[in-house]
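Inspection log for the structure reproduced underneath, given as structure tokens.
The values are calculated or read from the model by the stated rules, or taken from the named source; none is laboratory data. Note that this is a predicted model, so its numbers are computed, not measured. Quick reminder, even Gly has a Cβ in these numbers, built from the backbone with ideal geometry, and neighbours come from all protein chains shown.
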Amino acid sequence: MINIPKNRIYNAYIIETYNYERTKKTIKEFAILNGFEKAYVDTDNHPDIFYLESEENIKIETIRKEIVESAIYAPKIANYKIYVIYDAVNMEVIAQDTILKTLEEPPTFDIFFLVTSNANKFLDTIKSRCFIIKDDENIDYKRLLELEFMNEAVLTLANAKYDNLNIRMQFAEKFLDKENKLKDLISLYRYVLRDALLYKLTYNKKNLYLKEIETEIIAISSSYEIFELGKLIDNLNILMNANNNFVNKKIAVFNFFEV
């Protein structure tokens, strides 16, 4: 859950989250609560709300043109202007330095939202100028990414179609009669498959939950057809039922990879 304070408006926020869809919804609610016309906000057509979409490397020219040069002008119809920068940590260091000057002495009518999955990657000077909001659901994502078998689980899924059966069996043996460990695998794969299917459908990394392993997510997406990812999601539900019953967990994990 993303909670933007309601009792005070800050000029700059960092939102640390894996869920950009929910973040956008929350920012829209914030805008409407502060007088932005709902009809324009809901259709992404408000002249005082600006979205800078995710880029691999946000250059100083982009920040200067899209943010700094625009920030000096008063809002057109609302009391404020809102700037939302997705994957803001992708700003080059020099780009962060450039926007820092605006954050240090912002016009009173500008509000900046820097959205990222890892706020620690910002320059300390940027963080010191922002009110930092952490998505409550991030805790679960981070725990899953720190699982001892996470790397092997993702690699096994990416290569399951092409590896020999012995590799799958060796991986499955890790979960023999280990209920809690299998629960973690199911949770991890639920997010991984969600991201892989979303990327397969859109080829857009902006809304991926597990951005730390986006390279692996893209590899999984490339390894499977859409219907195969759907079958894996169905298999995941079968695996979850197996975990809740007296079923050989090793065999259940092995069978999960069958598409």
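Key figures
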item: Residue check, Lys76 closer than 25 Å to Tyr141 by Cα and at pLDDT 95 or above; result: no
item: Leading residue by the ranking (nearest to Ile32 (Cα to Cα)) among those in segment 61-112 that are hydroxyl-bearing (Ser, Thr, Tyr) and crowded, with 16+ Cβ neighbours inside 10 Å; result: Tyr80
item: Count of segment 158-214 residues which are over 23 Å from Phe227 (Cα atoms), hydrophobic (A, V, I, L, M, F, W, C) and in contact (Cβ under 8 Å) with a residue 40 or more places away in the chain; result: 6
item: Qualifying residue in segment 121-139 (condition: modelled with pLDDT under 90, farther than 27 Å from Asn237 by Cβ and assigned to a helix (DSSP H, G or I)); result: yes
item: Residue among Ile27, Ile32, Ile9 that alone is β-branched (Val, Ile, Thr), over 25 Å from Leu208 (Cβ atoms) and part of a helix (DSSP H, G or I); result: Ile32
item: Residue in segment 80-97 that is of a type in the set (Phe, Trp, Tyr), farther than 20 Å from Ile14 by Cβ and part of a loop (DSSP other than H, G, I, E, B) present; result: no
item: Residue list for segment 212-255, restricted to those being at pLDDT 85 or above and of a type in the set (S, T, N, Q); result: Thr215, Ser221, Ser222, Ser223, Asn235, Asn255
